[in-house]
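As structure tokens, the structure follows; a few thoughts come after it.
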Amino acid sequence: MALKLYLAGPDVFAPDAAMRFDAMRAACRAAGFEPLTPVDNALPDGLDGAALAGVIKQVNVGLIRRCDAVVANISPFRGPNMDPGTAWEIGFAEALGKPVFLWSETVALLAVRTPGDGNADPDGWMVENFGLAENLMIAVNPQEVAPDFATALAQVRSLAGN
């Protein structure tokens, strides 16, 4: 039976989201994995606002519960840090004991991407500077942050023994 991979990340907001997910699904299937994505959800009609958001959250929680591992895009999103929803999904998956594989389209370290002098931001708040791609609670992971989705899938294959 193929490992089920939940694909997390801000890709759902991209103008080319459908194309991105088509490519990621194809790559998963070619590697022998079953992709589970937030854009595959069938949502009920007639909902909007908080009601729709609640349904989306519960459906995605269900997908994470069903998956064997999470592959998450932690590329900077609307600022120097990753998408907060993706951070939540990573934490939830880790709390369930599921392995998480991270990738980022950006190779610059968090301290370099954050405005300021590398030690403090323009408001004087300390910048986390551990030489990591993201906040330590995300980036300290058994697998290194991969530079792209294909490399993250190779990490999954390696760990799974495929």
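The values are calculated or read from the model by the stated rules, or taken from the named source; none is laboratory data. Since we're looking at a predicted model, the values are computed, not measured. Neighbour counts are summed over all protein chains in view; Cβ atoms, including those assigned to glycine, are modelled from backbone coordinates with ideal geometry. What goes into the accessible areas is simple: the full protein's heavy atoms, side chains included, and nothing from ligands, DNA or RNA. Shrake-Rupley method; radii C 1.70, N 1.55, O 1.52, S 1.80 Å.
Brief remarks follow.
- Looking only at region 72-98, and only at residues there that are open to solvent by less than 50 Å² (accessible area, probe 1.4 Å), in a loop (DSSP other than H, G, I, E, B) and touching a residue at least 12 places away in the same chain (Cβ under 8 Å), the one that is nearest to V156 (Cα to Cα): K98
- Of all residues making up region 99-119, the number that are within 13 Å of the chain's Cα centre (by Cα) and surrounded by fewer than 17 Cβ atoms within 10 Å (Cβ to Cβ): 1
- Just one residue in the set P122, P142 is modelled with pLDDT of 95 or more, surrounded by fewer than 17 Cβ atoms within 10 Å (Cβ to Cβ) and either part of a loop (DSSP other than H, G, I, E, B) or among the hydroxyl-bearing types (S, T, Y) (or both); that residue is P122.
- Filter result for A30 (open to solvent by 40 Å² or more (accessible area, probe 1.4 Å), over 17 Å from the mean Cα position of the chain (by Cα), within 28 Å of S158 (Cα to Cα) and without any contact (Cβ under 8 Å) to a residue 12 or more places away in the chain): yes
- Entry remark, region 7-27: residues being closer than 22 Å to P99 by Cβ and either open to solvent by 70 Å² or more (accessible area, probe 1.4 Å) or in contact (Cβ under 8 Å) with a residue 40 or more places away in the chain (or both) number 7 in total.
- Number of residues in region 35-58 that are closer than 30 Å to A150 by Cα, open to solvent by less than 70 Å² (accessible area, probe 1.4 Å) and not aliphatic (A, V, I, L, M): the value is 4.
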